[in-house]
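To keep things clear, I will list the structure first and then write my remarks on it.
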2 protein chains.
Amino acid sequence: MAYRALLKPLRPGTRVASLWGTRALSEHRFKPEKVAVVTKTTRYEFELQRYRYAGLSEDDLKQLLAMKGSSYSGLLERHNVHTDHVEHIVDSLQREGMQVRVLRRREYDEEAVRWADAIVSAGGDGTMLLAASKVFDKDKPVLGVNTDPERSEGHLCLPVSYTHAFPEALRKLRKGEFRWQWRHRLRLHLEGTGINPTPVDLHEQQLSLDEHNLAHRISTEAQNRREDGAVSCPHLLPVRGLNEVFIGESLSSRSLRHRGKPLKPHLTLSLHRASYYEISIDDGPWEKQKSSGLSICTGTGSKAWSYNINKLFEETVKDVLAIGQTQAGLDVPLTQDFVETVTKEYNESLMFGPEENRLFFSIREPIVNRVYSTSRQRGFASRVCVRSRCWDACMVVDGGTSFEFNDGAIATISLNEEDQLRTILLKD
Amino acid sequence: MAYRALLKPLRPGTRVASLWGTRALSEHRFKPEKVAVVTKTTRYEFELQRYRYAGLSEDDLKQLLAMKGSSYSGLLERHNVHTDHVEHIVDSLQREGMQVRVLRRREYDEEAVRWADAIVSAGGDGTMLLAASKVFDKDKPVLGVNTDPERSEGHLCLPVSYTHAFPEALRKLRKGEFRWQWRHRLRLHLEGTGINPTPVDLHEQQLSLDEHNLAHRISTEAQNRREDGAVSCPHLLPVRGLNEVFIGESLSSRSLRHRGKPLKPHLTLSLHRASYYEISIDDGPWEKQKSSGLSICTGTGSKAWSYNINKLFEETVKDVLAIGQTQAGLDVPLTQDFVETVTKEYNESLMFGPEENRLFFSIREPIVNRVYSTSRQRGFASRVCVRSRCWDACMVVDGGTSFEFNDGAIATISLNEEDQLRTILLKD
């Protein structure tokens, strides 16, 4: 019987045709004993913290927000919607007999990941990225629940119906009515001179005066130099990009001084200063470029920021078609429907599957003029190398962690099967 | 004779058909007595300053740059090219009997502008923007000379031939072989609650702990409230946008703390946090949007950042045409030439003249999903109003000056003839 074949142990990632509706395989149940629930910080909590720093009370907050035309009650309401959903998730998990730890951003760490059999993110896509950022084990499943379906796209989360009916999701998981989705992630190597592999957590925005002290950097370089004077070996950075890596010029606070001491750079993307770098696709020739920055994404990320960088609007598509047909001497009626169809097809071509073993690079606002040019504005690849020629640039992973990326540094972005993130695809 | 008519006093900005080759009109000579020459800071100077802060010598700088694969001698060479050009400009002006003051960024101020009969910017487009930023008088001409033609586009500067032959430019100016070019600039009004009309000079990156103290803001709001409780009147900001105004979410350092005190925000553009705002074009209906930001430019600026935001690449145009023709059942050969022609025409449609009395808005990477949409991604207008719904956003003028633009603030961007900048169009 076909069932016998299905009962053989499956290698993770093996796709089996008819999982939907088959009897669940022992490897295919999802019934963790210990679940870490990572929750987002709501805007209400953020504003409260911010105003508390200034020594204001909750009443002051209410008043200030009202003066700004913002709705304190609106913020509080959304905060409550979120916390209600978190409670619902936690209850549902506990009713299934699971041990649950609820963790905020600052509390979520490698120890929590080791403790848990599975991670649930309760928030939006940002919280899912946070959850994934501490998981390096292919066997540890991460599941996202969208706690703000009215306002959050949640493309990394379960369908919104499960937000209100999480027990239903758990039931399906228990019965094996799902499949594993192995999302590829990007790995980063950094090498060259003057590099600093210390990650900066953008959400925490910690200040540490010493870390970017120039003398420190010099001594790091001294340590990295081998006897023969060659530069350091590539560092494999302790992060994986689930969505994308973005490389761009930043207005580093390194040139900012406070009381005579330099400040640690935090993420500041230069508005007006273009990024200068060299790029090599799939070990091809190096090309010098100047642009607003470079995005390298996975299939997962192709629906996120990369999509927004590259998508076209109907007015643009209509203009291009109009010029094209005039040049070709044609006269096709450019109806609303026609333009919509072409636009939709074009935009869909920008997206690809999270399990596809390739990455997509796109250059944001390339500067092409008398002085600079670019051969390809975007494309698929297996490997991208970038050599910084920037004054003060950074590499930002999933919008959450940044690394210095200055003149002399070389980054290699690639894919490795080991880095896949195990997520869940539930039948809707 | 036609000359008699031409000799009548002309109102500034009046276009007279055959200025080229006519006898120069008295109003039409350019022979200032006092000229302020504004010079840029070269990268070499920047690096020197930066390393001096860390207590390093010029030898250390050489060594560090070499380790980074940068060329110290290259930087120094370009620095010398620039300073040679500045000398050439200054000599040429002095030989014509003009008094000259050479001013670096920090030394260039309103007093210098008042003293001078004309301003010459010696650098690239950035230096021209700096020069223009202190000029509010329609009668004060500003002239740009590109001191780095190899590497700088210089679209705001005189043609590059004059960089090496500045006396030739002066000769034409003396003889009236030029015309005035009145470049429109944007004016900004700011109103609403909790606004802070204090400009931050991004190039200087000054820190001032008190300015953004929350209590200060509260007292400002208290002062701004009229007896009847209404909010403050619109402030006309002391800047004019020669290229563009950009509005976007920033990762303000306000949430950063150093030794317990909040830091003044400086320009930091959020990589990942989208900007939320409402926009009204030409007093039309308000539309809620979410995007990477909003650019509003002049004809001058339509060749700058706005162009880079909106331009299309051949690969994109080719893809659109290919999809379009498949949908329409056609089979036009999409040759390289054909695609180039269509792309060029499309991109040229993004640019318009500096003297045109209209502005162009474009929304950068609009986020269109289950939750947000946008009716028009770009277009021409006379007036744009934006209401911030951002956590921490700013309005940046010509990449050099930024203003807070948070939840509750309303900006109105418009054109006024008074704000025009008087520049020079030399025959090439």
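Coordinate-derived values only; no laboratory data. The structure displayed is predicted, hence computed values, not measured ones. Counting neighbours? That spans all protein chains shown, and the Cβs are built from the backbone with ideal geometry, glycine included.
About its Cα centre, the stretch A:293-385 has a charge dipole of approximately 620 debye under the convention of +1 per Lys or Arg Cβ and -1 per Asp or Glu Cβ, with nothing else charged. Mean projection of the Cα convex hull over all viewing directions, computed for the stretch B:34-177: 9.5 nm². A point 7 Å from Cα along Cα→Cβ stands in for B:Thr341, and the other copies hold the same point at 2.6 nm, listed in rising order.
Across the copies of the chain, B:Asp60 has label points (7 Å from Cα along Cα→Cβ) spaced 4.3 nm apart, shortest distance listed first. Bridging of B:Lys344 to aspartates and glutamates at a Cα separation below 12 Å is possible for B:Glu314, once same-chain residues fewer than 8 apart are set aside. With the label put 7 angstrom out from Cα along the Cα-to-Cβ vector, B:Gly74 ends up 5.1 nm from the copy partners, going from closest to farthest. The phi-based Karplus calculation (6.51 cos²θ - 1.76 cosθ + 1.60; θ = phi - 60°) puts the 3J(HN,Hα) values of the stretch B:341-355 at 5, 5, 4, 4, 5, 4, 5, 5, 5, 7, 9, 9, x, x, 9 Hz, whole numbers, x for Gly and Pro. Sequence-distant contacts, meaning Cα pairs under 8 Å at least 6 residues apart, place the relative contact order of the stretch B:34-177 at 30 percent. Less than 5 angstrom separates the built amide H of A:Arg376 from none of the residues sequence-distant by 5 or more or on a different chain. Note: relative contact order over the stretch B:50-135, using C-alpha pairs below 8 Å and six or more positions apart, is 16 percent. With a Cα cut-off of under 20 Å and a minimum spacing of 8 residues unless on different chains, the lysine pairs in the stretch A:34-177 number 8.
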